[in-house]
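Report on one structure; see the data block that follows.
The values are calculated or read from the model by the stated rules, or taken from the named source; none is laboratory data. Computed from a predicted structure; not experimentally measured. Backbone-built Cβ (ideal geometry, glycine too); neighbour counts: all protein chains shown. Quick note on the areas: whole protein, heavy atoms, side chains included, nothing else; ligands and nucleic acids left out. Shrake-Rupley method; radii C 1.70, N 1.55, O 1.52, S 1.80 Å.
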Amino acid sequence: MNLHDEPTLRRRELLLAGAASAAATVPTLAEAQDGQRAAPEVPVTSSVTLEVNGTPRTLNVDTRTTLLDALRENLHLTGTKKGCDQGQCGACTVLVNGRRTVSCLSLAVMHPGAKVTTIEGLGTPKRLHPMQAAFIKHDGYQCGFCTPGQICSAVAVLDEIRRDVPSHATSDLNARPVLSAAELRERMSGNLCRCGAYSNIVDAISEVGGVKA
């Protein structure tokens, strides 16, 4: 186009065309009111039966309910803590069929028939699990918020080592993992303690594992 030619679309016409296009995408008042009156979405629920701390428990939950919320909100087992709720702190660790699981990242309906063990199922105040007793003896906690997850994870760590499951700290994958401080620190790295009781936690786990840290 020659610069001196008359433009085919004037600025005013361009603005009018844009305004008309925007108006066509804006819902009318009546349409907006209809949208406000729309029925809320009904959540999809499902029944799931878990064996929690040795007792069968059947729940009817929203399929989006995490295992953590099912334990805390539906079964009132509040020993399992909700920390970051993003799978980064490990405070919500429980045992599912003997293996440690970050319960905030797992849906309850994913575990039909599973055996779930929480801190309440490991021991009682009058009859502590050896790991619970060791944490007390070695002062493996301060504020205590992360302690349930730490203890559940520690129990599973010793089981992993007994089953010869290697970790990133295992130097020889063809040999049995050695229960060492380095192994424990690596395997427990998913459980954060903001109070910094890590060395005492390693001492507690080492004692239960039968070695000296």
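Do any strands (runs of 3 or more DSSP E) entirely within the stretch 51-115 hold 2 or more residues that are open to solvent by 60 Å² or more (accessible area, probe 1.4 Å), and if so, which?
55-62, 99-102
Results for (1) closer than 17 Å to ASN191 by Cα; (2) of a type outside the set (A, V, I, L, M); (3) modelled with pLDDT of 95 or more, shown as yes or no for each residue.
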position	(1), (2), (3)
ARG37	no, yes, no
PRO56	no, yes, yes
THR66	no, yes, yes
CYS92	yes, yes, yes
SER106	yes, yes, yes
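With respect to GLU120, is the statement that it is acidic (Asp, Glu), closer than 30 Å to THR58 by Cα and touching a residue at least 12 places away in the same chain (Cβ under 8 Å) true?
Spelling it out, GLU120 is indeed acidic (Asp, Glu), closer than 30 Å to THR58 by Cα and touching a residue at least 12 places away in the same chain (Cβ under 8 Å).
I'm trying to understand the selection: among the residues of the stretch 124-139, which are open to solvent by less than 20 Å² (accessible area, probe 1.4 Å) and more than 21 Å from THR101 (Cβ to Cβ)?
Matches in the stretch 124-139: ALA134 only.
Any chance you could count how many residues in the stretch 121-148 are within 16 Å of ILE201 (Cβ to Cβ), of a type outside the set (Lys, Arg) and in a helix (DSSP H, G or I)?
Count: 10.
Give me the residue from the stretch 196-213 that is farther than 24 Å from THR101 by Cβ and in a loop (DSSP other than H, G, I, E, B) and, out of that set, modelled with the lowest pLDDT.
Looking at residues that are farther than 24 Å from THR101 by Cβ and in a loop (DSSP other than H, G, I, E, B), I get ALA213.
Under 9 Å by Cβ, and 6 or more places apart or on different chains, what pairs join a residue from the stretch 186-213 that is among the acidic types (Asp, Glu) with one that is open to solvent by less than 20 Å² (accessible area, probe 1.4 Å) and not in a loop (DSSP other than H, G, I, E, B)?
ASP203/ALA134; GLU207/ALA134
Being in contact with a Pro (Cβ under 6 Å, 6 or more places away or on another chain) and either buried (at least 21 other Cβ atoms within 10 Å of the Cβ) or not in a loop (DSSP other than H, G, I, E, B) (or both) is the requirement here; does ILE151 meet it?
no
Do we have ILE136 as within 24 Å of the chain's Cα centre (by Cα) and at pLDDT 95 or above here?
Taking the combined requirement at face value, the residue does not satisfy it.
For the stretch 1-14, indicate whether the set of residues that are farther than 24 Å from ILE151 by Cβ, assigned to a loop (DSSP other than H, G, I, E, B) and at pLDDT 95 or above is non-empty.
No, that holds for no residue.
Restricting attention to the stretch 181-195, which residues are surrounded by 18 or more Cβ atoms within 10 Å (Cβ to Cβ) and in a helix (DSSP H, G or I)?
Within the stretch 181-195, GLU183, LEU184, ARG187 qualify.
Confirm whether ALA22 is outside the structural domain of ARG99 (by the TED database), at pLDDT below 85, loosely packed, with under 10 Cβ neighbours inside 10 Å and out of contact with any strand residue (DSSP E or B) (no Cβ under 7 Å at 6 or more places or on another chain).
yes
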